[in-house]
Amino acid sequence: MGLLKVRTAGGETPQALWMNQELFMAPYGDGKTWHGFFGADLKLKAGSYPLVVKTASTGFRKQIDVRVSSKDFGVRQLTLPKEMVDLDAVTLERVKREAAIMKEVLEAPPTPPQWKGPFVKPVNGEVSGTFGQASIINGMPRSLTPGWT
């Protein structure tokens, strides 16, 4: 995950492209500073990838090569009761509905931020796993864990 910070002449809105996707750039403070987040898929091969920033009004264009490194996030082995792993038909249908909602949300175009100020830890408590950690449940590989409790 990276934070892109761009300064422009007043009134200009920068456009940033990363991995063939346009990043949402949010104005910050004086209207000349813009922030955008970008990230790499955990399965992305290590290497350099272009991040392009441009402005339509002035024709400015700059390419930044972002180095993506490989990293081993580790594996956790879990043993759970069968009923917690093999979902019943009702629960499986709920999971499918929720996955469809999440897919729609994640594919929606970005909107202006609904917050002001810095990020804070959402809850108190111990972190049970790290982002990117793979899980082996009852001897079978599962999807990567997001890292929150």
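The values are calculated or read from the model by the stated rules, or taken from the named source; none is laboratory data. Just so we're clear, the structure is a prediction, and the values are computed from it rather than from any experiment. A quick note on method: Cβ atoms are made from the backbone with ideal geometry, for glycine too, and the neighbour counts reach across all protein chains shown. These area figures cover heavy atoms from the full protein model, side chains too; ligands, DNA and RNA do not enter into them. Shrake-Rupley method; radii C 1.70, N 1.55, O 1.52, S 1.80 Å.
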Taking the Cα centre of the stretch 68-149 as origin, work out the dipole magnitude from +1 charges on Lys and Arg Cβ and -1 charges on Asp and Glu Cβ, in debye rounded to 20.
220 debye
Residues with amide H under 5 Å of Leu23's amide H, sequence separation 5 or more or different chain, H placed in the peptide plane at 1.01 Å from N; which?
Ala16, Leu17, Trp18
If R0 = 30 Å, then Met19 and Thr79, at their Cβ-Cβ distance, give a FRET efficiency to the nearest 0.05 of 0.20
Taking amide hydrogens as modeled 1.01 Å from N in the peptide plane, which residues meet the under 5 Å criterion relative to Gln133, leaving out close sequence neighbours?
Thr145
Expressed as a whole-number percentage, the relative contact order of the chain with C-alpha contacts under 8 angstrom and at least six residues apart is 19 percent
Computed lengthening from Ala89 to Ser48, 0.36 nm per intervening residue step minus Cα-Cα distance
10.3 nm
Accessible-area composition of the stretch 1-128, carbon plus sulfur, in percent [1.4 Å probe]:
57 percent
One finds, for Lys71 and Lys103 with R0 = 35 angstrom and r their Cβ-Cβ distance, a FRET efficiency to the nearest 0.05 of 0.85
To the nearest 10 degrees, how steeply does helix 89-107 sit against the main Cα axis of the chain, on a 0 to 90 scale?
10 degrees
Once all Cα-Cα distances of the stretch 65-149 are split into 5 Å bins that start at 0, what whole-number percent is in each one?
3, 10, 11, 15, 21, 21, 11, 6, 3, 0
Residue by residue through the stretch 60-67, what is 3J(HN,Hα) from phi via Karplus (6.51 cos²θ - 1.76 cosθ + 1.60, θ = phi - 60°)? Round to whole Hz and write x for glycine and proline.
4, 8, 9, 9, 10, 8, 9, 8
Let me know the charge dipole size of the chain about its Cα centre in debye, to the nearest 20, where only the beta-carbon of Lys, Arg (+1) and Asp, Glu (-1) is charged.
500 debye
Per residue accessible area in Å² of the chain, where ligands, DNA and RNA are left out and the probe is 1.4 Å:
79 Å²
Where does each of 70-79, 51-60, 14-23 land if you order them by average Cβ count within 10 Å, highest first?
14-23, 51-60, 70-79
Would you work out which of Ala56, Val85, Ser69 lies farthest towards the positive end of the dipole of the stretch 41-94, given +1 charges on the beta-carbon of Lys and Arg and -1 on that of Asp and Glu, about the Cα centre?
Ala56
Over 26 Å apart: what share of the alpha carbon pairs of the stretch 1-124 falls there, rounded to a whole percent?
46 percent
